[in-house]
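K.L.:
Pasting in a structure now, in structure tokens, and then I'll have a few things to ask.
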Amino acid sequence: MSPLAHQPFWKMNGAGNEIVVVDLRKSSHVVTAAEARAIAGGEGTHFDQLMVLHAPRMAGTEAFVRIYNNDGSEAGACGNGTRCVAWVLTEGTSRDSVTVETKAGLLVCRRIAQETFSVDMGEPKFGWRDIPLAEEFRDTRAIELQIGPIDAPVLHSPSVVSMGNPHAVFWVDDPYAFDLAKIGPLLENHPIFPDRANISLAAVKSPELIVLRVWERGTGITRACGSAACAVLVSAARTRRTGRSATISLPGGDLEVEWRDDNHVIMTGPTELEHAGAFDPALFQAAA
């Protein structure tokens, strides 16, 4: 029987981004890709990202968090999921801040209101090796990449950045005018992205508002993506489309993002507990 049988979980969302949180801080078990896919396929446990808490590895942190996409692959960061983790760790306590560790580094979370948290997503990385890209581009504000006919591309010249995960941001007039379900997989798996990439379609509506749709690496179209919202804001500021703070409007809700002068990106948004439960052992029979 899987160690996850009967394990409690929280089914949540962050601005519509479907999240499942599991606390394994008292267990040595590491969730396998097959187990993650099984949870994603379960009734009432579907997720865009699975946030698994392990015992802390660093002093001053509450947990080491492994992040899984619903295809079983691991992600380096998930801002919406981290807010949900912060809710789990602070709910019912007097604490208003926690620090967790992920593969992408330390994330500091602060409660702004009862269901609203901010996350310090760290510093963006713009170097082509850091994103990473398969070949050198000295200026990652716009790289040579397009999809469609060479003389009339459907999308072209994305800004690229790492916010713990690789992101490509295509600037468009209307993010809803494109078949993202068709375009997303092609671009996610483009050879220029050796670790695949999150694909964003972003429309700057004003210096304070960006409308965004996202195809998430390893997940597909989601209602929100926190790291993509951060990637879009810093890319917009780098290309002088906006200032260093803006509202990012996604299908699931709005996120507030600020790129501070100290180079840290702060994302603020809502959390919602949909239900809590325990995993049915039958979920993991095929994953054993």
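The values are calculated or read from the model by the stated rules, or taken from the named source; none is laboratory data. These numbers were taken from a predicted model, which means no experiment stands behind them. Every residue, glycine among them, receives a Cβ derived from its backbone with ideal geometry; neighbour counts consider all protein chains shown. Side chains are part of the model used for accessible areas, which takes the heavy atoms of the whole protein and leaves out ligands, DNA and RNA. Shrake-Rupley method; radii C 1.70, N 1.55, O 1.52, S 1.80 Å.
K.L.:
Specify the residue that is surrounded by the most Cβ atoms within 10 Å (Cβ to Cβ); the eligible residues are those in the range 49-81 that are polar (S, T, N, Q) and out of contact with any Gly (no Cβ under 6 Å at 6 or more places or on another chain).
P.N.:
Filtering the range 49-81 for residues that are polar (S, T, N, Q) and out of contact with any Gly (no Cβ under 6 Å at 6 or more places or on another chain), the one surrounded by the most Cβ atoms within 10 Å (Cβ to Cβ) comes out as Asn70.
K.L.:
Sort out which residues of the range 241-280 are hydrophobic (A, V, I, L, M, F, W, C), open to solvent by 20 Å² or more (accessible area, probe 1.4 Å) and touching a helix residue (DSSP H, G or I) at 6+ places or on another chain (Cβ under 8 Å), and write them in order of number.
P.N.:
The answer is Trp259, Leu273.
K.L.:
If you don't mind, another one. Kindly list, by first and then second residue, each pair from a residue in the range 191-207 that is in contact (Cβ under 8 Å) with a residue 24 or more places away in the chain and farther than 15 Å from His156 by Cβ to a residue that is buried (at least 18 other Cβ atoms within 10 Å of the Cβ) and among the polar types (S, T, N, Q), limited to pairs with Cβ atoms under 6 Å and residues at least 6 apart or on different chains.
P.N.:
Close Cβ pairs satisfying both conditions: Asn198/Asn165; Pro207/Thr242.
K.L.:
Name every residue in the range 245-288 that is without any contact (Cβ under 8 Å) to a residue 60 or more places away in the chain and touching a Cys at 6+ places or on another chain (Cβ under 9 Å), in order of residue number.
P.N.:
Ile248, Val257
K.L.:
Restricting the range 27-44 to residues that are charged (D, E, K, R) and in a helix (DSSP H, G or I), which is farthest from the chain's Cα centre (by Cα)?
P.N.:
Here is the first cut: in the range 27-44, the residues charged (D, E, K, R) are 35, 37, 43.
From what is left, the residues that are in a helix (DSSP H, G or I) are 35, 37.
Working: Glu35: 20, Arg37: 18 Å.
Among those that are charged (D, E, K, R) and in a helix (DSSP H, G or I), it is Glu35.
K.L.:
Identify the single condition in (1) part of a loop (DSSP other than H, G, I, E, B); (2) open to solvent by 10 Å² or more (accessible area, probe 1.4 Å) that Trp10 does not satisfy, given that it satisfies every other one.
P.N.:
Of everything listed in (1) part of a loop (DSSP other than H, G, I, E, B); (2) open to solvent by 10 Å² or more (accessible area, probe 1.4 Å), Trp10 misses just condition (1).
K.L.:
Within the set of pairs 6+ apart or on separate chains, which have a first residue in the range 41-56 that is small (Gly, Ala, Ser), a second that is surrounded by 17 or more Cβ atoms within 10 Å (Cβ to Cβ) and in a loop (DSSP other than H, G, I, E, B), and C-beta atoms under 7 Å apart?
P.N.:
If the second residue must be surrounded by 17 or more Cβ atoms within 10 Å (Cβ to Cβ) and in a loop (DSSP other than H, G, I, E, B), no pairs are left.
K.L.:
Only one of these conditions is not met by Tyr68: (1) assigned to a strand (DSSP E or B); (2) more than 16 Å from Cys225 (Cα to Cα). Which number is it?
P.N.:
For Tyr68, the exception is condition (2).
K.L.:
In the list Arg244, Arg223, Arg238, Arg196, which residue meets the criterion of being modelled with pLDDT of 95 or more and under 21 Å from Cys84 (Cβ atoms)?
P.N.:
Answer to the check: Arg223.
K.L.:
For the subset of the range 208-230 comprising residues that are open to solvent by 10 Å² or more (accessible area, probe 1.4 Å) and of a type in the set (A, V, I, L, M, F, W, C), which member is farthest from Ala168 (Cα to Cα)?
P.N.:
Applying the filter and picking the extreme gives Leu209.
K.L.:
Moving to a separate point now. Checking Pro194 against (1) open to solvent by 60 Å² or more (accessible area, probe 1.4 Å); (2) under 15 Å from Ile248 (Cβ atoms), which single condition isn't satisfied?
P.N.:
Condition not satisfied by Pro194: (2).
K.L.:
With Arg66, Arg95 as the choices, which residue is out of contact with any Ser or Thr (no Cβ under 6 Å at 6 or more places or on another chain), farther than 23 Å from Thr268 by Cβ and either touching a residue at least 60 places away in the same chain (Cβ under 8 Å) or not hydrophobic (A, V, I, L, M, F, W, C) (or both)?
P.N.:
Within the list Arg66, Arg95, the selection yields Arg66.
K.L.:
Taking the stated definitions as given, is Ser200 out of contact with any helix residue (DSSP H, G or I) (no Cβ under 6 Å at 6 or more places or on another chain), part of a strand (DSSP E or B) and open to solvent by less than 70 Å² (accessible area, probe 1.4 Å)?
P.N.:
It is false that Ser200 is out of contact with any helix residue (DSSP H, G or I) (no Cβ under 6 Å at 6 or more places or on another chain), part of a strand (DSSP E or B) and open to solvent by less than 70 Å² (accessible area, probe 1.4 Å).
Listed here are the residues, each with its yes/no results for (1) free of Cβ contacts under 8 Å to residues at least 60 places away in the same chain; (2) not in a strand (DSSP E or B).
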residue	(1), (2)
His167	no, no
Val214	yes, no
Cys230	no, yes
Arg240	yes, yes
